[in-house]
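Asks: Encoded as structure tokens, here's the structure I'll be asking about.
The values are calculated or read from the model by the stated rules, or taken from the named source; none is laboratory data. These numbers were taken from a predicted model, which means no experiment stands behind them. Here Cβ is always computed from backbone atoms with ideal geometry, including for glycine, and neighbour counts include all displayed protein chains. Heavy atoms of the whole protein, side chains included, go into the accessibility calculation; ligands, DNA and RNA do not. Shrake-Rupley method; radii C 1.70, N 1.55, O 1.52, S 1.80 Å.
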Amino acid sequence: MGQSSYSNAKACAVALTISYLILAASAGSFYDDVDITFGGERAKILNGGQDLSLSLDQYSGSGFQSKHEYLFGRFDMQLKLVPGNSAGTVTTFYLSSQGAGHDEIDFEFLGNSTGNPYTIHTNVYSQGKGNKEQQFHLWFDPTAAFHTYTIVWNTQRIIFLIDNIPVRVFNNHDASGVPFPKSQPMRVYASLWNADDWATQGGRVKADWTKAPFTASYRKFNANAKRVGPNSKSTSSESDNQAWSTQGLDAAGRNRIRWVQNKHMIYNYCNDRKRFPNGLPTECKNSRFL
């Protein structure tokens, strides 16, 4: 390696280190970023605000929400899901507005009996209407270590990513009459709750309360997003210059999402002709990843 090549490589390594430190610093404290919403002592902020655990027993689950509301952005959270027999449990990380006709963007993690995979359930609601489910099995054990789950939400599309691999894109087809979340500010929510009436094999497998409490762990929440409402310090110009505001899929992203959807998708509402006997929804008619 020549001297100039070595110097360039060294400069790149330093730049990457600085970028990493900036990113790490931008992920704040749970004390500063969220409020516990239910579950009392079942929700615990740990390690000086760097970690948060949610627990579920036969009496209650637990949850939290972001202190701020956002209108578009990139939202990252690292999760380690309930280990062992997690049947009947649902762990969540999602965005939602409030009131009638709410918007919502969902990651839900449906537990299973020991040895069987989690189901990753995604959905998009706009103006109170959802029914846009896609489900996946993961290519790793989500209970063995932390993994990063990301929602990118901009005016053109919503992208779901796992460890920066895109697994789903929901494009804005508002011009074709398909509602798209674009005007209602949303908070970030997370919860762990009992859904054993439907979560595992349609409710056939129930929660085993002798294994309670069930616990999921969260860390490194980061909202690179446009804050709205009182006490908002970000401005539209700051947010609009962020990469997420125009983020889409490049060639590598299209290859990755095809791999995920071909190998790991287990349900796609866009293929469910029994559910939509009069024709698939409008947004399903265009191939998006070619």
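Asks: Can you pull out the residues in segment 161-206 that are within 17 Å of E104 (Cβ to Cβ), open to solvent by 50 Å² or more (accessible area, probe 1.4 Å) and hydrophobic (A, V, I, L, M, F, W, C)?
Replies: The answer is W193, and nothing else.
Asks: Would you call E283 of a type in the set (D, E) and either closer than 24 Å to K132 by Cα or modelled with pLDDT of 95 or more (or both)?
Replies: Answer is yes for this residue.
Asks: Mind listing whichever residues of segment 125-160 are acidic (D, E) and either at pLDDT below 95 or open to solvent by less than 50 Å² (accessible area, probe 1.4 Å) (or both)?
Replies: Listed by number, the list holds a single entry, E133.
Asks: Going through G2, G61, G28 one at a time, which residue ends up being modelled with pLDDT under 95 and surrounded by 12 or more Cβ atoms within 10 Å (Cβ to Cβ)?
Replies: Answer to the selection: G28.
Asks: Report the residue count in segment 248-290 for those that are open to solvent by 50 Å² or more (accessible area, probe 1.4 Å) and part of a helix (DSSP H, G or I).
Replies: Looking only at that region, the number is 12.
Asks: Evaluate the following for V90: is it surrounded by 21 or more Cβ atoms within 10 Å (Cβ to Cβ), over 15 Å from the mean Cα position of the chain (by Cα) and more than 20 Å from L71 (Cα to Cα)?
Replies: Considered against the rule, which asks whether it is surrounded by 21 or more Cβ atoms within 10 Å (Cβ to Cβ), over 15 Å from the mean Cα position of the chain (by Cα) and more than 20 Å from L71 (Cα to Cα), V90 comes out as no.
Asks: Now a separate question. What is the one condition in (1) farther than 23 Å from C270 by Cβ; (2) over 15 Å from the mean Cα position of the chain (by Cα) that P142 does not satisfy?
Replies: Among (1) farther than 23 Å from C270 by Cβ; (2) over 15 Å from the mean Cα position of the chain (by Cα), P142 violates only (2).
Asks: Show me the strands (runs of 3 or more DSSP E) found entirely inside segment 74-185 where at least 1 residues are of a type in the set (S, T, N, Q) and touching a residue at least 12 places away in the same chain (Cβ under 8 Å).
Replies: Because the criterion is at least 1 residues that are of a type in the set (S, T, N, Q) and touching a residue at least 12 places away in the same chain (Cβ under 8 Å), the strands (runs of 3 or more DSSP E) in segment 74-185 that meet it are 89-96, 119-125, 134-136, 147-153, 165-171.
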